[in-house]
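Enquirer: Shown below is the structure under consideration.
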Ligand code: UDX
Ligand code: UDX
């Protein structure tokens with residue numbers, strides 16, 4: 001059986017669905033792509049004329065939207081209609097960790113996935129390929145299958161084929177990751193469906209990069225890829241603490257270690273801990289599965305990756321308090337960067353959240369500058385109440401954030417933080433002025449010449 005896909009519907013217009021569909025639409029002009037979402041405001045923002053107002057910031061995305069929107073990429077809330085018209089449906093909805101009930105704090109809340117499956121079952125027609133894009137616990141496809149099976153019947157000739165096609169894009173580089181992927185992974189058990197999806201990717205991806213496997217291996221590969229990446233960060237962060245105590249330098253250690261081809265240079269930058277919507281959630285999920293199958297030792301092994309991540313954040317807060325003479329009460333700290341990494345406006349699990357909350361708890365005044373995160377988001381993340389409302393402000397320039405502050409803490413490696421104007425800052429900050437660099441972006445010698453006291457993460461020579 002051959003199936004040429006002409007109409008795609010993607011449910012979930014978020015950080016994954018948005019860029020992924022923009023790249024598919026741009027590379028496949030003969031396919032109509034409908035991106036749908038239950039959130040009306042999000043869809044409205046995707047349809048904004050002013051491309052600076054798109055709901056997510058991602059380098060290169062607005063150019064693609066300009067090229068494809070209204071041509072073969074459409075954003076709407078008409079979920080049912082778009083499902084009915086589609087030959088292929090991507091599920092790209094969020095899958096948060098459960099907050100209540102069995103598995104709370106570890107297992108994934110599948111309620112959105114289930115409701116999507118039911119909607120697809122109800123409204124689709126004929127032969128439909130359903131593609132899991134969201135990162136899901138292993139064997140979720142079986143749940144989707146079971147639900148859809150109930151809607152299949154011989155009279156309407158309805159049939160569903162489920163594929164797992166995990167997303168490996170990283171925010172901030174999503175468009176490039178999608179245009180030039182290291183690999184594309186397709187898991188499935190029906191050849192015609194796998195081929196139909198493969199043919200879409202073949203419009204811009206080399207055949208050798210497309211891996212095909214069974215659904216379970218595909219789902220598991222995604223979890224494990226993220227767990228390995230996060231593990232590298234926790235490993236290097238654990239060593240950053242040792243470097244600080246032994247007059248060694250974590251950047252030099254990373255470089256020397258990473259030049260070993262067997263290890264590789266990527267993902268060895270020490271920092272304030274990993275954030276983002278996936279790493280913690282996926283590892284928690286891995287731990288949950290391991291425990292479920294009685295692999296307690298394996299679960300404990302992976303749990304350490306998360307424990308080190310939490311410890312790194314706390315360790316930074318403690319270090320800053322210690323350096324600022326044991327108290328933050330009524331001090332003013334300028335926080336540079338609030339997103340979980342550079343080049344995104346996403347703050348999910350950003351280490352800045354935990355660290356800033358601790359600062360506020362200590363009675364500190366905070367002025368936060370981030371080039372892309374909205375003020376409302378920062379206030380929402382820090383759960384500002386009447387008690388600490390007056391202690392927080394956000395600014396639209398670095399200078400305003402630093403005005404009259406005792407210390408600067410660099411939380412995110414945005415490009416503009418590599419070239420701070422120390423002369424200007426030294427004139428507007430209180431003395432003694434401190435810089436706490438959690439991302440190794442500051443020119444230490446220059447900052448020192450302007451009278452700054454510096455703490456550079458993982459750098460024993462500056463402690
Ligand atoms: C999410 C998950 O976090 C990630 O694990 C998964 O791999 C992909 O989906 P992301 O795109 O970053 O990633 O999430 P988010 O930006 O929150 O977008 C999800 C969208 O789905 C939201 O806009 C939400 O409104 C929408 N949604 C959710 C639906 O349209 N229907 C639903 O039933 C539930
Ligand atoms: C990650 C995976 O990289 C991607 O493949 C998957 O699809 C989704 O999850 P993302 O979370 O968007 O992507 O960003 P990533 O670049 O992986 O960064 C995650 C966190 O690790 C960030 O907080 C980042 O600052 C931190 N990090 C990354 C480090 O601290 N050091 C590094 O060397 C690399």
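Enquirer: Of all residues in region 95-117 being surrounded by fewer than 17 Cβ atoms within 10 Å (Cβ to Cβ) and near ligand 1 (Cβ under 10 Å from one of its atoms), which is farthest from residue 291 (Cα to Cα)?
Expert: 115
Enquirer: Kindly indicate which of 299, 265, 225, 230 is surrounded by fewer than 18 Cβ atoms within 10 Å (Cβ to Cβ) and at pLDDT 95 or above.
Expert: 265
Enquirer: What are the residues in region 72-107 that are closer than 21 Å to residue 25 by Cα, touching a residue at least 60 places away in the same chain (Cβ under 8 Å) and away from ligand 2 (no atom under 16 Å from the Cβ), if any?
Expert: 75, 79, 82, 83, 85, 86, 87, 88, 89
Enquirer: As an exercise: evaluate residue 124 against (1) under 26 Å from the mean Cα position of the chain (by Cα); (2) modelled with pLDDT under 95; (3) surrounded by 20 or more Cβ atoms within 10 Å (Cβ to Cβ) and give the number of the one condition it does not meet.
Expert: Answer for residue 124: the failing condition is (1).
Enquirer: Quick check on residue 175: is it free of Cβ contacts under 8 Å to residues at least 40 places away in the same chain and either buried (at least 16 other Cβ atoms within 10 Å of the Cβ) or out of contact with any strand residue (DSSP E or B) (no Cβ under 9 Å at 6 or more places or on another chain) (or both)?
Expert: The answer is no for residue 175.
Enquirer: Could you pull out the residue among 313, 319, 357 that is over 23 Å from the mean Cα position of the chain (by Cα), in a helix (DSSP H, G or I), under 22 Å from residue 413 (Cα atoms) and touching a residue at least 12 places away in the same chain (Cβ under 8 Å)?
Expert: Of the residues listed, the single one that is over 23 Å from the mean Cα position of the chain (by Cα), in a helix (DSSP H, G or I), under 22 Å from residue 413 (Cα atoms) and touching a residue at least 12 places away in the same chain (Cβ under 8 Å) is 319.
Enquirer: A further question follows. Confirm whether residue 27 is touching a helix residue (DSSP H, G or I) at 6+ places or on another chain (Cβ under 9 Å) and either farther than 20 Å from residue 196 by Cβ or within 14 Å of ligand 1 (Cβ to nearest atom) (or both).
Expert: Criteria not met by residue 27.
Enquirer: Sticking with this one: Just checking, which of 146, 153 is free of Cβ contacts under 8 Å to residues at least 24 places away in the same chain, more than 16 Å from ligand 2 (Cβ to nearest atom) and in a loop (DSSP other than H, G, I, E, B)?
Expert: The match here is 153.
Enquirer: Give the number of residues within region 157-189 that are within 13 Å of ligand 2 (Cβ to nearest atom), within 17 Å of residue 200 (Cβ to Cβ) and not in a helix (DSSP H, G or I).
Expert: Summing the residues that are within 13 Å of ligand 2 (Cβ to nearest atom), within 17 Å of residue 200 (Cβ to Cβ) and not in a helix (DSSP H, G or I) in region 157-189 gives 9.
The values are calculated or read from the model by the stated rules, or taken from the named source; none is laboratory data. Because the structure is predicted, anything quoted here is derived from the model rather than measured. We place every Cβ from the backbone using ideal geometry, glycine too, and count neighbours over all the protein chains shown.
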